Amino acid sequence: MDTSPHAPLIGTLLDGRYRIEQVIAVGGMATVYRATDTRLDRVVAVKVMHPDLAGDAEFSARFIREAKAVARLAHPNVVNVFDQGADGGRVFLAMEYVPGRTLRDLLRDRGALSVRAALDVMEPVLAALGAAHRAGLVHRDVKPENVLITEGGLVKVADFGLVRLLGGNDATSTSTVGTVLGTVAYLAPEQIRQDGPTDQRVDVYAAGILLYELLTGARPHTGENPMQVIYQHLHEDVPPPSRTTPTIAPELDAIVASATARDPQARPLDAVELLAALQRARRALTPAQLDAEPPASTRRTPHHPTTERTAVLTRTTVQQLPPELLRTRPIDEPLPERAPRRRRLRSRRPLIWGTVLAVVLALCGATTYVLSEALYTTVPSVLGQSQDQAVVILDKSGLQGQFTPQFSETVPSGQVVSTDPGVGARVRKSDPVKVVLSKGPQRIAVPNLLGLTLDQARESLTGANLTVGSTTDAYSDAVPAGQVVSADPATGTRLAVGSPVALVLSKGMTPVPNVVGMTQEEAKKALADQGFQFQSGGITLFGTGKATTQNPPAGQPLRQGATVVVNFSLF
């Protein structure tokens, strides 16, 4: 049973609609519960603001306005917002419930990821942030705790509770004047300084920190207290990930450096630009660079970072940093020594029982994780690989493929077109992965259409997955009228599916032209133009000197090459 201060909400019906069932997470601004929407009979996540923040009328009003803005943001990698409201002194959001785990859970379990896995996570994160940025929204609290990974492997960005509308005035910001809302480890320098307006590049900075953490298993800026971390954000560049993980390519070092530049003007304009840079870098990397495993020391760090809650930093807090943190510290000068802890006078018995409980929970979690890793895995990318290569890649993940050939106009023959389940999906190792192999482009031979009627030719082409193209008529003494004389392309030519075939239909034998009244030269040419032979039949003494009769007569159908006899007058 949950004994947290927020447990009294469990079992209550919020706003007469949402039945609160269990605590999912507790953050610096709100508590998130699993609940049932009793009207639509569906599971939702309900985020209830802490009373101290909900009591601020101005903050609550801004929170609700920004929630409405986020609700209009429809993207597959963004956790949907369904509803917002207030019940007494409780201000809440009803959101999509995403079963799975957070990216923080994954980092805590695995440590650093391979480059391919890191990019598989970052690309949907940046796609979600990019959609928000192009819609005029800034997240302002990008961190592993706010990245959810579903049981099917889908990545979703959550908790737009600190979102701000770009181009808005003070009335459109969820932070009150003189405060900074965010998580210290991921705050951009301009968020800390509060010396001017912030924009979507604070999300780009946090995304750069997140990428560094995925590649190395650790955050770039750490310290014994938040003030030391703040100092590093303000005065120290993020080191290249390859310094701790040598297998990381220079292209990724450059992207991290660009995204985490202390000067916001030196960063990509928004997440869309950062995503484009990341995808360009990915295409430049070899499979070996993408799949190289990080050093064992980064796979599971001995001291995993605890979940960080969103914090509130006042302007006064920043201005009153200890002098030793504000001044520029030489590289070889050690950080101030940690103050000795005060001895606790309370009984150690609760601590012992708490430790025992934590160990038991850790063992249960470890057992679940081991069983999960033993039974399940993630479908690797085999797109564009040969069957032999795909077999090796799938085997490394403990999977077997069922290969099926299929024609493809875009993928070369012998390479993988697609997989089912798709890349990144979580599957049982005992279940086969359906793999489609390209047979190359499908090509169909034009059937023999000569002598067919138009309807017969159309039926024959349809049966061959081709279509009738243009049709024209021509005289033919060899092919009866209405039948196909020729096809273009010709019989046997191999065409793509759906390609058109032009047909020439016979008009029958050619009619003899009328040459009566023509001179000898005119008659000879008229007959030759229609494919006939000319023969003079005789000359009469009186007349006009032109053709007087012809045999066969004009209009009679005649085969090509036949002779027409023409009689002429002398004068």
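The values are calculated or read from the model by the stated rules, or taken from the named source; none is laboratory data. Keep in mind that what you see is a predicted model, and the values were worked out from it rather than measured. Don't worry about glycine lacking a Cβ; one is built from the backbone with ideal geometry, like all the others, and counts go over all protein chains shown.
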Subset of segment 145-159 (residues that are farther than 15 Å from Pro99 by Cβ and either assigned by TED's automatic domain parsing to the domain that holds Met29 or under 14 Å from the mean Cα position of the chain (by Cα) (or both)): Val157
Does Val138 satisfy being in the same structural domain as Tyr33 (by TED's automatic domain parsing) and touching a helix residue (DSSP H, G or I) at 6+ places or on another chain (Cβ under 7 Å)? no
Here are some conditions: (1) modelled with pLDDT of 90 or more; (2) over 30 Å from Pro447 (Cα atoms); (3) not aliphatic (A, V, I, L, M). Thr467 meets all but one. Which one does it not meet? (2)
When segment 108-162 is checked residue by residue, the ones that are surrounded by fewer than 24 Cβ atoms within 10 Å (Cβ to Cβ), among the basic types (Lys, Arg) and closer than 20 Å to Ala71 by Cβ are Arg134, Lys156
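Within the group Leu9, Leu13, which residue is out of contact with any Lys or Arg (no Cβ under 7 Å at 6 or more places or on another chain) and at pLDDT 75 or above?
Leu9
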Go through (1) farther than 30 Å from Arg283 by Cα; (2) outside any helix (DSSP H, G or I) and name the single condition Pro8 misses. (2)
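Looking at segment 458-477, which of the residues that are among the polar types (S, T, N, Q) and free of Cβ contacts under 8 Å to residues at least 24 places away in the same chain is nearest to Ala496 (Cα to Cα)? Spell out the reasoning first.
We begin by selecting, within segment 458-477, every residue among the polar types (S, T, N, Q); these are 460, 462, 465, 467, 470-472, 476.
This time we only want the ones that are free of Cβ contacts under 8 Å to residues at least 24 places away in the same chain, so: 460, 462.
Working: Ser460: 16, Thr462: 13 Å.
Ranking the candidates gives Thr462 first.
Report, by residue number, each residue of segment 472-503 that is hydroxyl-bearing (Ser, Thr, Tyr), surrounded by fewer than 16 Cβ atoms within 10 Å (Cβ to Cβ) and either within 41 Å of the chain's Cα centre (by Cα) or assigned to a strand (DSSP E or B) (or both).
Of everything in segment 472-503, those that are hydroxyl-bearing (Ser, Thr, Tyr), surrounded by fewer than 16 Cβ atoms within 10 Å (Cβ to Cβ) and either within 41 Å of the chain's Cα centre (by Cα) or assigned to a strand (DSSP E or B) (or both) turn out to be Thr472, Thr493.
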Do you know which residues across segment 237-257 are touching a helix residue (DSSP H, G or I) at 6+ places or on another chain (Cβ under 7 Å) and of a type in the set (Gly, Ala, Ser)? Ser242, Ala249
Kindly indicate which of Ala67, Ala25, Ala45, Ala54 is of a type in the set (Gly, Ala, Ser), at pLDDT 85 or above, within 27 Å of Val184 (Cα to Cα) and surrounded by 12 or more Cβ atoms within 10 Å (Cβ to Cβ). Ala45
So which residues in segment 47-58 are without any contact (Cβ under 8 Å) to a residue 60 or more places away in the chain and either out of contact with any helix residue (DSSP H, G or I) (no Cβ under 9 Å at 6 or more places or on another chain) or part of a helix (DSSP H, G or I) (or both)? His50, Pro51, Asp52, Leu53, Ala54, Gly55, Ala57
Please go through segment 506-547 and give me each residue that is at pLDDT 85 or above and touching a Leu at 6+ places or on another chain (Cβ under 6 Å), ordered by number. Val512, Phe534
Restricting to segment 28-46, name every residue that is among the acidic types (Asp, Glu) and either within 13 Å of Gly85 (Cβ to Cβ) or in contact (Cβ under 8 Å) with a residue 24 or more places away in the chain (or both). Asp37
Here is a check on your reading of the model: is Leu321 of a type outside the set (S, T, N, Q), modelled with pLDDT under 60 and over 19 Å from Leu211 (Cβ atoms)? yes
What is the residue count in segment 199-216 for residues that are among the small types (Gly, Ala, Ser) and surrounded by fewer than 24 Cβ atoms within 10 Å (Cβ to Cβ)? 0
Scan segment 447-471 residue by residue and report those that are assigned to a helix (DSSP H, G or I) and either assigned by TED's automatic domain parsing to the domain that holds Ala562 or surrounded by 14 or more Cβ atoms within 10 Å (Cβ to Cβ) (or both). Leu454, Ala457, Arg458, Ser460, Leu461
